[in-house]
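Scroll down for the structure; my scribbles are underneath it.
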Amino acid sequence: MKTVWLPTFLCLISISLIYRCSNKEEEPESINRTLFKLTVSAGEGGIVSPDATGYYYEGITITLTATPDEGYVFDRWLGSDFDNNGCAFARFCRTAITMYSDRDVEAFFKKE
């Protein structure tokens with residue numbers, strides 16, 4: 001009888017120890033992430049999408065698309081990572097903004 005209980009008892013103790021060790025709550029790492037403000041605007045003659053004005057964590061990259069209204073063409077970006085990215089012949093123009101500081105980005109359009 002003792003030989004049957006001893007392996008069962010040892011097995012239960014082992015399972016209990018494994019469960020106890022694996023369920024220890026780990027303290028979350030303290031992450032100090034900086035938030036920066038992005039302000040996006042469009043000049044007369046078009047829109048920028050998405051409406052990305054807001055706060056973003058440092059290092060986040062946001063892609064914006066400028067789309068001109070009828071009778072206008074895209075002219076240029078101001079304040080983006082790629083202000084002169086060669087969108088002269090495109091109907092719309094995309095750019096990227098990586099948040100390492102507060103940013104003001106504007107899309108400009110001109111009449112055709």
Flagged pairs (Cβ under 9 angstrom, 6 or more apart or on separate chains; first in region 77-97, among the charged types (D, E, K, R); second at pLDDT 70 or above and assigned to a loop (DSSP other than H, G, I, E, B)) are ARG94/PHE82; ARG94/CYS87
Does ASP51 meet the test of being in a loop (DSSP other than H, G, I, E, B), modelled with pLDDT under 95 and more than 15 Å from ARG94 (Cβ to Cβ)?
yes
Take the conditions modelled with pLDDT under 65, farther than 24 Å from GLU112 by Cα and of a type in the set (Lys, Arg) and apply them to ARG33. Does it pass?
no
Any residue that is closer than 27 Å to LYS110 by Cβ, at pLDDT below 65 and either surrounded by 15 or more Cβ atoms within 10 Å (Cβ to Cβ) or not acidic (Asp, Glu) (or both) - is there at least one of those in region 72-81?
no
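The values are calculated or read from the model by the stated rules, or taken from the named source; none is laboratory data. Everything numeric here is computed off the predicted structure, so don't read it as measured data. Ideal geometry is used to build each Cβ from the backbone, glycine not excepted, and the neighbour counts take in all protein chains shown.
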